[in-house]
1. Only helices (runs of 4 or more DSSP H) wholly contained in segment 317-433 count here; list those with 3 or more residues that are among the β-branched types (V, I, T) and under 26 Å from the mean Cα position of the chain (by Cα).
2. Looking at segment 284-316, which of its residues are of a type in the set (K, R), on the phi < 0 side of the Ramachandran plot and part of a loop (DSSP other than H, G, I, E, B)?
3. Any residue at all in segment 133-151 that's modelled with pLDDT of 90 or more, assigned to a helix (DSSP H, G or I) and under 15 Å from L53 (Cβ atoms)?
4. Do we find a residue being assigned by TED's automatic domain parsing to the domain that holds S302 and of a type in the set (D, E, K, R) anywhere in segment 314-331?
5. Consider D55 carefully, then state whether it is of a type outside the set (A, V, I, L, M, F, W, C), in contact with a helix residue (DSSP H, G or I) (Cβ under 8 Å, 6 or more places away or on another chain) and at pLDDT 80 or above.
6. In segment 397-413, what residues are among the hydrophobic types (A, V, I, L, M, F, W, C) and surrounded by fewer than 20 Cβ atoms within 10 Å (Cβ to Cβ)?
7. Residue pairs, Cβ under 9 Å, 6 or more apart or interchain, first in segment 277-299 and touching a residue at least 12 places away in the same chain (Cβ under 8 Å) and among the aromatic types (F, W, Y), second within 16 Å of the ligand (Cβ to nearest atom) and assigned to a strand (DSSP E or B). List them.
8. Among the residues of segment 239-287 satisfying the criterion of being more than 13 Å from the ligand (Cβ to nearest atom), closer than 27 Å to P337 by Cβ and acidic (D, E), which is modelled with the highest pLDDT?
Amino acid sequence: LPVVAIVGRPNVGKSTLFNRIINQRLAIVEDKPGVTRDRNYAQAEWMGHKFDLIDTGGITWEGGKIEEEIRAQAEIAIEEADVIVMLTSVVNHMTDLDERVAHLLYRTKKPVILAVNKADNPEQRNDIYDFYSLGLGDPIPVSSSHGTGIGDLLDAIVDKFPEDKDTQADDVISFSVIGRPNVGKSSIVNKLLGEDRVIVANEEGTTRDAVDTPFTKDGVKFKVVDTAGIRRRGKVYEKTEKYSVLRAMSAIERSDVVLLVLDASTGIREQDKHVAGYAHEAGRGIIIVVNKWDLPKKNSTSAKEFEREIRQEFQYLDYAPILFVSAKTGQRLDQIPSMVKEVYDNQNQRIQSSVLNDLLLEASKLVPTPMVKGKRLRVYYMTQVSTNPPTFVVFVNDPELMHFSYERFLINQLRQNFDFTGTPIKIIPRKRK
Ligand code: GDP
């Protein structure tokens, strides 16, 4: 996603603007103290354009020398961002610190947008002409506390997004197909896309390294990540383990959902476990696809037995659904897109803080919190800070006391109450302020 950084001298209202931009999503948690205050990195969306937002003022230290803080902010922004918002304020008019910030930003080739905060009323909105002299183009008056002008600012921001990083509103769900050689990855992709499509993709693949192939099923847009790589790799590149791992990792990175393909005719091998490990660690949605289901001699319990073996060998993937398919006969392949969509929806759902805290209360009645060296864990409240994967911050008396088994228990409670099939869940214990 494109990264947007907010930079500016102290007290111009950087965190207020930050919270205003992400607020649609975080409104629920704002009444809890300390929840938004220490956030300085969040995902936001405007008119269907998604981006990551950084409040650089929240990252750099307070209480240090102002000059150093400003320099650090500018450096983070120049390094990390695709679009930089320099924020200043109509109150106090322009100061030499504003000039210093602007000066640091002249060094970057990245687009810089100048926003003037605290323009709460019409007079103040007209009182921004000084700021032209900063040489950063038209200043945009905003009021972060009232919410005025924010739309204009966001329009200007998304307008500057580099094309290759910009994602549009009509969500395209991207998924990758990974697994060791010969499990049938290309066969599955070929069948999913229809043979003609893949030939086209393959020709493109000769000029470009990674080709993501789009298709639509039942009105939902999908994208198979690195189609060319899947096909090419099977024949030549896959022989070099390092290269194929690298390629798979980059495909996983760019996917919402990962299809981990196993081969029913050979059973589970050591290499399958390596591949599964990467997918799990990346925090993506996962579906386990058992291919070549046409080959083994089967009776009514074969699927159950294979499933038991999978659960045993991939214990950490207990959230991943399993689908038995045959790329050869086409059996159940048509279920793949709808299953990918389901997992995608699960990993992107948001649970309100009030609901989470009811759940926490119920959970506390079921199991006592762990005790370490005579000190008992106290859990105060929980809030969801991001999706994909769903990530929950749990405020406690002492994060050290959050035992693995209790974290596991909380995750199970979440799974029992909501449908998180196919997606990992992250719990972050944090000390209550
Ligand atoms: P990849 O290396 O993972 O992309 O695997 P391929 O798609 O190239 O398939 C490897 C071999 O397995 C090929 O000979 C395919 O024809 C065969 N194959 C793939 N899927 C199936 C299946 O569902 N059933 C059977 N019987 N053979 C399959």
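The values are calculated or read from the model by the stated rules, or taken from the named source; none is laboratory data. What you see is a predicted model, and the numbers here were worked out from it, not measured in a lab. Cβ atoms come from the backbone with ideal geometry, glycine included; neighbour counts cover every protein chain shown.
1. Answer list for segment 317-433: 335-347.
2. Those that are of a type in the set (K, R), on the phi < 0 side of the Ramachandran plot and part of a loop (DSSP other than H, G, I, E, B): R284, K297, K298.
3. Yes, segment 133-151 contains at least one residue that is modelled with pLDDT of 90 or more, assigned to a helix (DSSP H, G or I) and under 15 Å from L53 (Cβ atoms).
4. yes
5. Yes; evaluated as a whole, the condition is true for this residue.
6. Within segment 397-413, L401, F404, F409, I411 meet the criteria.
7. Partner pairs satisfying both residue conditions: Y278/I178; Y278/V258; W293/F324.
8. The qualifying residue modelled with the highest pLDDT is D256.
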